[in-house]
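K.L.:
I have a structure here, written as C-alpha cells, and I will follow up with some questions on it.
Just so it is clear, none of the values below were taken in a lab; they were calculated from the coordinates. The model shown is predicted, which means the values in this text are computed figures rather than measured ones. We place every Cβ from the backbone using ideal geometry, glycine too, and count neighbours over all the protein chains shown.
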Amino acid sequence: MTETLNVTVDRRDGLAVIYTEGYINNQGGEEIAKVAYKLLDEGYKLLLLNLAGTKIVNSIGISILIEIIEKMLEIDGKLGFCCLTPTIEKTFHIMGLAQYAPIYSDEASAVAQIRA
Amino acid sequence: MSEDVLREVTLALPMVPDMELEASKTAAAIAESIRMSPDRIDEIRHAVIEACINALEYSGAEEVFVTFQVLGDPDPEKLRIMVVDHGIGFSPGDMPKKSKRGHGLKIMRGLMDEMEIHSGPGGTTVVMSKMR
C-alpha cells in the first residue's frame with residue numbers, strides 16, 4: 001500500500017534540478033534528502049526542487065525538507081522550490097519554510113533567480 | 001445557519017503506512033460531490049492527511065475512525081470531518097518545540113475554516129470543517 005516517490009536529477013553547470021513525482025511523506029522526504037546530500041558531496045551548492053509531479057506533501061516530509069534547507073544555509077548554498085500546487089505553497093508558508101527558501105512559479109525563472 | 005447532517009460516511013482504517021491517503025481520497029470524493037472548488041478540496045485532503053498521520057504516529061491505537069458529515073439545510077453548506085482514535089491522548093501544550101506533530105496541527109488550522117482537538121487518556125478527537 002506504500003506509495004513511492006520517484007526522484008530524478010538534471011545537473012546543469014553547477015546547478016542541479018531535483019524533480020519529484022508522487023507523495024512526499026517520511027520516506028519521500030528521506031529520498032529527496034539522500035539525493036540532495038549526494039549532490040552536495042558532488043560540489044553542487046545551487047539546488048532547485050521542482051515539485052510539479054507532487055500533489056500531496058505531509059508535515060513529516062516538509063520537516064525533512066527543512067533539514068535540507070538548514071544544511072544548505074550551513075554551507076552557504078542556495079535552495080529554491082518551483083511549480084508548487086496552491087495548497088502545497090500555502091502549507092510551506094504555514095510551516096515557515098518559505099522564509100528560508102524562495103518559491104518560484106516556474107522552473108525558468110527559478111533557475112535564473114538562483115543563479116543570480 | 002442550520003447545521004443539519006445531510007449525509008454521513010465513516011471509515012475505520014487500520015494504523016498502517018499510507019492509510020491517510022485512503023481517508024484523503026474519500027474526503028476528496030465527498031467534497032467533490034458537494035461541488036467544492038478544487039483548491040478547497042486539496043486543502044481538505046492535506047488537513048485529513050495530517051490528522052490521520054498524527055493518529056498513526058502518536059496514538060498507539062490500532063485503528064482510526066474518520067467521519068465525514070455534509071451539513072446544511074436544504075443544500076450542502078459545510079463539510080465536517082472528525083478523526084477519532086482511542087489511543088493514549090496528548091496535550092498540545094506539552095508538544096516539544098520541534099515536534100513534527102505540532103506542525104501538523106498548525107497545518108490543519110491553516111487549511112481548514114474551523115478546527116478543535118479534544119484529547120485525554122481515552123484518545124483524541126480532531127473536529128475540523130470547511131464551508132463549501
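K.L.:
Can you give me the angle between helix A:26-41 and the longest principal axis of chain A, using Cα atoms only, in degrees from 0 to 90, rounded to the nearest 10?
P.N.:
Long axis of A:26-41 versus the principal axis of chain A: about 10 degrees.
K.L.:
Between B:T10 and B:R35, what FRET efficiency comes out of the Förster formula 1/(1 + (r/R0)^6) with R0 = 30 Å and r the beta carbon distance, rounded to 0.05?
P.N.:
Details: r = 22 Å, r/R0 = 0.74.
After rounding, the FRET efficiency stands at 0.85.
K.L.:
I need the calculated FRET efficiency for the pair A:A33 and A:Q113, taking r as the beta carbon distance and R₀ as 30 Å, to the nearest 0.05. Don't jump to the answer; show the numbers that get you there.
P.N.:
Values: r = 23 Å, r/R0 = 0.77.
Using R0 = 30 Å, I get an efficiency of 0.85.
K.L.:
Right, next: Only Lys, Arg, Asp and Glu count, each charged at its Cβ (+1, +1, -1, -1), so figure out the dipole size of the protein assembly as shown about its Cα centre, rounded to 20 debye. Before the final figure, lay out each step's value.
P.N.:
Numbers: 25 positive and 37 negative charges, 124 e Å.
I would put it at about 600 debye.
K.L.:
Would you kindly calculate the mean projected area, averaged across all directions, of the convex hull enclosing the Cα atoms of chain B, in square nanometres?
P.N.:
On the way: hull surface 30.6 nm².
Here the figure is 7.6 nm², rounded to one decimal.
K.L.:
While we're here: Write down the Å³ per residue value for the convex hull defined by the alpha carbon atoms of region A:6-115.
P.N.:
So the per-residue Cα hull volume is 84 Å³.
K.L.:
Within chain A, which is the longest segment that contains none of the GluC sites (Glu not before Pro) sitting in a DSSP loop with at most 14 other Cβ atoms within 10 Å?
P.N.:
By the stated rule (loop sites, at most 14 other Cβ atoms within 10 Å), A:43-116.
K.L.:
Once both axes come from the Cα atoms, what is the angle between helix B:100-111 and the longest principal axis of chain B, in degrees from 0 to 90, rounded to 10?
P.N.:
The two axes meet at around 20 degrees.
K.L.:
Hey, which aspartates and glutamates would be in cross-link range of A:K78, C-alpha to C-alpha under 18 Å, not counting anything within fewer than 8 residues on its own chain?
P.N.:
Correct list for A:K78: A:D10, A:D13, A:D41, A:E42, A:E67, A:E70, A:D106, A:E107.
K.L.:
Where in region A:78-116 does the label zone of A:V9 land, with the point 7 angstrom along Cα→C-beta and an amide N cut-off under 16 Å?
P.N.:
Answer for this model: A:78-80.
K.L.:
Let me ask something else. If r is the Cβ-Cβ distance from A:K71 to B:D75 and R0 is 45 Å, what FRET efficiency results, to the nearest 0.05? Spell out each step's value before the answer.
P.N.:
Details: r = 51 Å, r/R0 = 1.13.
With R0 = 45 Å, the Cβ-Cβ based efficiency is 0.35.
K.L.:
Rounded, prolate or oblate: which one fits region A:3-66, using the alpha carbon gyration tensor with axes a ≥ b ≥ c (rounded when a/c is under 1.5, else prolate when a/b beats b/c, else oblate)? Walk me through the numbers on the way to the answer.
P.N.:
Details: a/c = 2.25, a/b = 1.67, b/c = 1.35.
Prolate, since a/c reaches 1.5 and a/b exceeds b/c.
K.L.:
Let me check I have the definition right: for the protein assembly as shown, take the eigenvalues of the Cα gyration tensor, multiply each by 5, take square roots. What are those semi-axes in whole Å, largest first?
P.N.:
On the way: eigenvalues 240, 79, 45 Å².
Value: 35, 20, 15 Å, ordered largest first.
K.L.:
Please compute the alpha carbon radius of gyration of region B:1-74, then divide it by the globular-protein estimate 2.2 N^0.38 Å. Two decimals is fine. Provide the component values of the computation, followed by the final result.
P.N.:
Details: Rg = 13.1 Å, N = 74, 2.2 N^0.38 = 11.3 Å.
Normalised by 2.2 N^0.38 Å, the Cα Rg of region B:1-74 equals 1.16.
K.L.:
Continuing with the same structure: Grab the DSSP H runs of chain B that are 4 residues or longer, score each as -39,500 (n - 2.57), total them, divide by all residues and round the 222 nm result to the nearest 500 deg cm²/dmol.
P.N.:
Calculated from helices alone, the mean residue ellipticity at 222 nm is -11000 deg cm²/dmol.
K.L.:
Between their Cα atoms, which of A:K55/B:K78; B:K78/B:K106; A:K90/B:K78; A:K71/B:K130 are more than 27 Å away from each other? Let's see the in-between values first.
P.N.:
Details: A:K55/B:K78 24 Å; B:K78/B:K106 21 Å; A:K90/B:K78 21 Å; A:K71/B:K130 37 Å.
Correct reply: A:K71/B:K130.
K.L.:
Give the relative contact order (percent, whole number) for region A:20-116; include only Cα pairs under 8 Å separated by 6+ residues. Kindly include the intermediate steps, with their values, before the conclusion.
P.N.:
On the way: 128 pairs, mean separation 30.2, N = 97.
Relative contact order here is 31 percent.
K.L.:
State the Kirkwood hydrodynamic radius of region A:31-96 in Å, one decimal place, computed from all pairs of distinct Cα atoms. List each step's numbers first, then the result.
P.N.:
Details: mean 1/r = 0.0808 Å⁻¹.
Its Kirkwood hydrodynamic radius stands at 12.4 Å.
K.L.:
Against the longest alpha carbon principal axis of chain A, how many degrees, from 0 to 90 and to the nearest 10, is the axis of helix A:59-74 turned?
P.N.:
Once rounded, the angle reads 10 degrees.
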